[in-house]
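For reference, the structure discussed in these notes is given below.
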Amino acid sequence: MVSSKPNEKKVSLKTDDEELKNLINLHRTVIKVVGTGGAGNNTISRLEEAGVKGVETIAMNTDAQDLLYTKSDNKLIIGKNITRGLGAGSDPQVGEESARENEKEIKEFLEGSDVVFITCGLGGGTGTGSAPVIGEIAKNLGALTIAVVTTPFSDEGVLKEKNAVSGLERLRKNSDTVIVIQNDRLLELVPDLPLNAAFKVADEILVNAVKGITELVTKKGLVNLDFSDIKITMKDGDTAMIGIGESESENKAQEAVERAINNPLLDVDITGAQSALINIEGDDSLTIKEARNVMVSIAEKLDPNAKIVWGASINEDLKNKIRILIIATGLRSENRTFKKTFNGMQSDAGPTLQADQEKKLDIISGFRLNDNGSQKAKAGAVAGESKLPKNVFNQIFEDEIQGDVNILKEAVKTLVDGGFDTKVCRNIKNAAAGMKNAAQVYSNKNVVDFATFIGDLFDLMSTNKIKFNPEFLPMLSKVPQIFEGMIAGYTIAVDDAEQVMKQLSVLMDDKKPLTPVEPAKKKKKKPEIKQADKT
């Protein structure tokens, strides 16, 4: 009997390289980075400049102009029907509704992702409102969702702090892991760097996170890590830190660990962390002893029952150096982020003037306002004259409001030189409205109050409810300088503003309107005067 076995097709026990490559590509870890809002878009642009490979980026915003100048693989304007591309106006509710409007498009972009990074600046409207929605979509799609966010400078006001606290709380519920970077720490770490360069320092944390995780799952190592290792470490990790340390000293393993875990921008304590992912890199002289020393140094700082996943690889560029990447999760936050003005804690924003310095001075134009509102020349600067120290926040506020100040200056000059007309009135009203809006965003109540008063005054004059009179001019001529003093942080400029409002109010009461004032407004005014007399 002849066997048919020789004619049977043999089953190959070999897998060729091409099949292995196809399998790797088929199951390649898909990493996407979403930057939302102004700060998030800036970070995406810097990530593109850093040239991180193996990730896809998308910038989202309600502000069309910001989005236009962002460098990103993909762009999405959100909430077009709500904001018309003009931004969220620092309102997180508008940011959230805008993301909901484009939920379908966001979902389509994120589908198939293994890891989704979300980056934004908390405290504003678009990022604060939309980031939790994006996180919710990513988690529902099964992606490991990691948020890397910045908190506002303490001096940016209570409104931004409250927005940031609320936004962070919602983001934690819709992310696996959140890494929080404090902008205040930039002032301590790099106080003299230009603003753009300083923010690049903070953005390095996101770049390191994205680059580190991407390389962990794509580069061959001595001890390899895969995506499942990362997911075990970071899934439901709550607060996290990422650090990179490098050293070539005699005790380089210990020194690299210390540098990795002591990042001054992260307000966390690694002690007691529940999970840690560690990657050790060195040149071909890297020894088992050095790798073990790294592991022991880190393990001593973690919770005794912490999950530790580690890998090691050779990097010929690291001549006699060790580089360590640590991602630790389940951390304790020091909760110093909002201490200066939130939760009733005392502010340490800066010194105020002493009683003997609180003089009615317009330090910009060199005149004093006496109690009767008249002007008196100032011989020279007052000894000890001071203002609040200028910081990054003050500079941003000044830059944003300067355009409206210039419009106001020109309009007031025209008013003084050529008299009152409709165009001058409109320009002053518009400039006051612009300054009021900017001051509200930065929680500068003094500027808000003064801008509101000036805007209302010219609104009444434009509708003939109050008659313009040349007696207004001595006070109005100093309004631009007083605004500049307030914006620059001079506390005495606030007193000048109060004096101007007081004197103009008296003059307004003395002037008869060109057309009758509505009776309801007259009735409103009398009780206020009587109440003031009683007090």
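Here are a few things to note about the model shown:
- Projecting label points 7 angstrom from Cα along Cα→Cβ for E18 and K319 puts them 4.2 nm apart.
- Backbone geometry of the stretch 97-106 corresponds, through the Karplus equation with coefficients 6.51, -1.76 and 1.60 at θ = phi - 60°, to 3J(HN,Hα) couplings of 5, 5, 5, 4, 4, 10, 4, 4, 5, 5 Hz, x marking Gly and Pro.
- Too-long pairs where the Cα-Cα distance tops 27 Å, listed order kept, from K231/K319; K235/K321; K71/K307; K252/K301; K75/K436: K231/K319; K235/K321; K71/K307; K75/K436
- Other-chain or far-sequence residues with amide H under 5 Å of S275's (modelled H): K307, T329
- The stretch 230-281 and the stretch 487-505 have Cα centres separated by 51 Å.
- Phi to ³J(HN,Hα) by Karplus 6.51 cos²θ - 1.76 cosθ + 1.60 over the stretch 254-262, Hz, x for Gly, Pro: 5, 5, 5, 4, 4, 5, 5, 8, 9
- Per residue, the convex hull volume that the Cα atoms of the stretch 63-127 enclose (Å³): 92 Å³
- Distant-in-sequence amide H partners of D269 (H built 1.01 Å from N, under 5 Å): R332, E334
Each value in this text was obtained by applying a stated rule to the coordinates, not by laboratory testing. The structure displayed is predicted, hence computed values, not measured ones. Here the Cβ is made from the backbone with ideal geometry for all residues, glycine too, and neighbour counts use every protein chain on show.
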